[in-house]
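The values are calculated or read from the model by the stated rules, or taken from the named source; none is laboratory data. The structure presented is a predicted model; accordingly, all values stated were derived computationally and were not measured. Cβ placement follows ideal geometry from the backbone for every residue including glycine, while neighbour counts extend to all protein chains displayed. When the accessible area is computed, the model is the full protein with side chains, heavy atoms only, and any ligands, DNA or RNA have been set aside. Shrake-Rupley method; radii C 1.70, N 1.55, O 1.52, S 1.80 Å.
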Amino acid sequence: MMNLHNHTIYSDGWFTPEDVVQRAWQGGLRHVAITDHLMTSKVPRPLTEGEFDRYHRNISALKGMYAGRMHVLIGAEIDSNPERCDLGSLPFDLINKLDLVLFEYVQDRQNGGASLQQLAPVFEQIKVPIGLCHWDIDRIFKDSRPEEVADLLASHGLFVEVSTSDYYRREGKPFFILGERFFSHFDGKVKVSIGTDMHRRIDEVVNIRSGQDFIRRLGLQGMMVF
């Protein structure tokens with residue numbers, strides 16, 4: 001049971017890391033990550049390079065506090081839109097102290113996201129697991145063969161989030177349901193995660209059941225990133 005996508009007061013969330021981790025523990029999660037927005041103009045107050053050490057120390061303390069009971073992971077979310085985030089100036093030395101990184105809007109022209117090809121030099125500088133979050137894979141790759149997309153993602157070593165947030169829906173269905181034909185080709189190639197993109201409703205931390213059911217139905221339990 002995991003939720004690898006949560007925001008806190010270090011960017012645009014309403015709760016502290018302590019609040020998020022405590023709710024995850026109460027809900028029986030085994031892995032929980034804090035992934036605040038890093039250095040993007042998308043949000044009024046993103047996590048900055050100057051705040052990074054305090055952020056890392058705060059979550060590291062929680063990691064130690066819950067050791068042996070639950071895995072607390074330190075992450076960040078990076079905006080792939082180059083107009084909002086200077087991807088070439090990211091602090092890779094700090095990013096590589098994290099446990100994971102999420103990229104949003106990759107290959108998503110509708111949201112101004114950079115392509116996988118454009119991001120390849122950025123990915124190469126990151127030594128921790130990289131995931132693609134709240135991704136409308138069915139729309140982005142509507143004319144592509146699922147097996148080719150799986151091979152492409154595998155070539156970059158990326159995992160893909162099953163986002164259970166009600167915000168990420170189209171035609172009344174979650175992105176991951178619409179993209180089932182792609183996920184069904186991930187086994188043995190592309191790892192997956194579950195994330196709720198929690199900002200303002202603390203109970204969203206444990207809103208993962210639909211993602212668990214989906215992963216179980218496709219037989220992807222062995223492809224979980226952690």
Query raised in the report: Hey, does the range 109-131 have a residue that's basic (Lys, Arg) and within 18 Å of the chain's Cα centre (by Cα)?
Result: yes
Query - Candidates Val128, Val149, Val72 - the one that is within 24 Å of Thr48 (Cβ to Cβ), open to solvent by less than 10 Å² (accessible area, probe 1.4 Å) and either modelled with pLDDT of 95 or more or among the charged types (D, E, K, R) (or both) - result: Val72
Query - Looking only at the range 1-12, and only at residues there that are touching a helix residue (DSSP H, G or I) at 6+ places or on another chain (Cβ under 8 Å) and under 25 Å from Val192 (Cβ atoms), the one that is surrounded by the fewest Cβ atoms within 10 Å (Cβ to Cβ) - result: Met1
Query raised in the report: Which members of the range 98-107 meet the condition of being under 23 Å from Asp138 (Cβ atoms) and open to solvent by 10 Å² or more (accessible area, probe 1.4 Å)?
Result: Tyr105, Gln107
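Return the residues of the range 197-218 that are basic (Lys, Arg) and either open to solvent by less than 40 Å² (accessible area, probe 1.4 Å) or touching a Phe, Trp or Tyr at 6+ places or on another chain (Cβ under 7 Å) (or both); say none if nothing qualifies. Explain how you work it out, then say what you get.
Let us first name the residues in the range 197-218 that are basic (Lys, Arg), namely 200-201, 209, 216-217.
Answer for the range 197-218, where residues must be basic (Lys, Arg) and either open to solvent by less than 40 Å² (accessible area, probe 1.4 Å) or touching a Phe, Trp or Tyr at 6+ places or on another chain (Cβ under 7 Å) (or both): just Arg200.
Pick out the one residue from Ser80, Ser89, Ser115 that is among the hydroxyl-bearing types (Ser, Thr, Tyr), surrounded by fewer than 20 Cβ atoms within 10 Å (Cβ to Cβ) and under 15 Å from Leu132 (Cα atoms).
On the way: Ser80 fails: surrounded by fewer than 20 Cβ atoms within 10 Å (Cβ to Cβ); Ser89 fails: under 15 Å from Leu132 (Cα atoms).
Of Ser80, Ser89, Ser115, the one residue that is among the hydroxyl-bearing types (Ser, Thr, Tyr), surrounded by fewer than 20 Cβ atoms within 10 Å (Cβ to Cβ) and under 15 Å from Leu132 (Cα atoms) is Ser115.
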Report summary line: Pairs returned, first residue in the range 149-162 that is closer than 19 Å to Val32 by Cβ, second residue that is surrounded by 14 or more Cβ atoms within 10 Å (Cβ to Cβ) and of a type in the set (Ser, Thr, Tyr), beta-carbon separation under 8 angstrom, 6 or more apart or interchain, are Phe159/Ser193; Val160/Ser193; Glu161/Ser193; Val162/Ser193
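Would you mind listing the helices (runs of 4 or more DSSP H) fully within the range 1-110 where at least 1 residues are farther than 21 Å from Glu161 by Cα and in contact with a Leu (Cβ under 7 Å, 6 or more places away or on another chain)?
Details: elements: 17-26, 52-65, 92-95.
Ranges flagged: 17-26, 52-65.
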Query - Subset tally (residues that are open to solvent by less than 10 Å² (accessible area, probe 1.4 Å), more than 17 Å from His7 (Cβ to Cβ) and either touching a helix residue (DSSP H, G or I) at 6+ places or on another chain (Cβ under 6 Å) or not β-branched (Val, Ile, Thr) (or both)) for the range 152-167 - result: 4
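Could you tell me how many of the residues in the range 30-69 are among the aliphatic types (A, V, I, L, M) and either open to solvent by 40 Å² or more (accessible area, probe 1.4 Å) or more than 18 Å from Thr16 (Cα to Cα) (or both)? Write out each step before concluding.
Taking the range 30-69 as the starting set, the residues that turn out to be among the aliphatic types (A, V, I, L, M) are 32-34, 38-39, 43, 47, 59, 61-62, 65, 67.
Next cut, either open to solvent by 40 Å² or more (accessible area, probe 1.4 Å) or more than 18 Å from Thr16 (Cα to Cα) (or both) only: 39, 61, 65, 67.
Total satisfying the criteria: 4.
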**Report entry** Lone unmet requirement of (1) out of contact with any strand residue (DSSP E or B) (no Cβ under 7 Å at 6 or more places or on another chain); (2) within 20 Å of Val21 (Cα to Cα) for Glu77
**Finding:** (1)
